[in-house]
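J.: Before I ask anything, let me first share the structure, which is written out below as C-alpha cells.
Each value in this text was obtained by applying a stated rule to the coordinates, not by laboratory testing. Since the model is a prediction, treat every value here as computed from it, not as a measurement. For neighbour counting, all protein chains shown are included, and Cβ atoms are generated from backbone atoms with ideal geometry for every residue, glycine included.
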C-alpha cells in the first residue's frame with residue numbers, strides 16, 4: 001500500500017533539547033524523536049491509526065539529548081527502510097537502539113556510541129495518504 005501525507009514542511013518537526021514534538025492534523029499525527037543507545041525506539045498509535053516511518057537515521061548526527069560532546073559527528077547511516085520493514089502498517093512498534101540489525105549497519109567506528117533520530121506518522125486508516133519526503 002502506498003502511503004502519502006498531504007503536508008508541507010514535514011521536516012520542520014524537530015526535537016529541541018531532547019524533547020520530542022508531535023504535530024497533529026485530521027489525518028493523524030507526526031512525531032520526531034531522538035533515541036539514545038540505552039533506550040528503545042517506541043511508537044504507538046491510537047486505535048484506528050497505523051504507523052508509517054518517515055525517516056530514521058542511525059549514528060552520531062548532532063549534539064543533543066544523546067550526545068553532549070563533539071567527538072565523531074557525521075558518522076551516520078539511513079535506516080529508514082529497516083524501520084519501515086519492522087514498523088509500517090502496525091499500530092505499535094518497538095526496537096532496541098542496540099539491536100543487532102541496526103548495529104550491523106556500522107555507521108561509526110567501533111566503540112563510538114550511536115543513537116537514532118526517527119520521525120514517524122500515525123495515519124488514520126480510512127484516509128488516502130501520500131508521504132512527501134523532502
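J.: Mind listing the Cα extents of region 26-124 along all three principal axes, in Å, largest one first?
T.: 42, 24, 19
J.: Let me ask something additional. If you count, for each residue, the other Cβ atoms within 10 Å and average over each peptide, how do 35-48, 107-120, 73-86 line up from highest to lowest?
T.: Output ranking for 35-48, 107-120, 73-86: 107-120, 73-86, 35-48.
J.: Under a point spin-label approximation (7 Å from Cα along Cα-to-Cβ), what is the residue 40-residue 110 distance to one decimal in nm?
T.: 2.9 nm
J.: Here is a follow-up. What length, rounded to one decimal in nm, is gained on full extension from residue 126 through to residue 92, with 0.36 nm per residue of separation minus their alpha-carbon distance?
T.: Difference between extended and current length: 10.5 nm.
J.: Which of rounded, prolate or oblate describes region 38-85 when judged by the alpha-carbon gyration tensor and an a/c cut-off of 1.5?
T.: Prolate.
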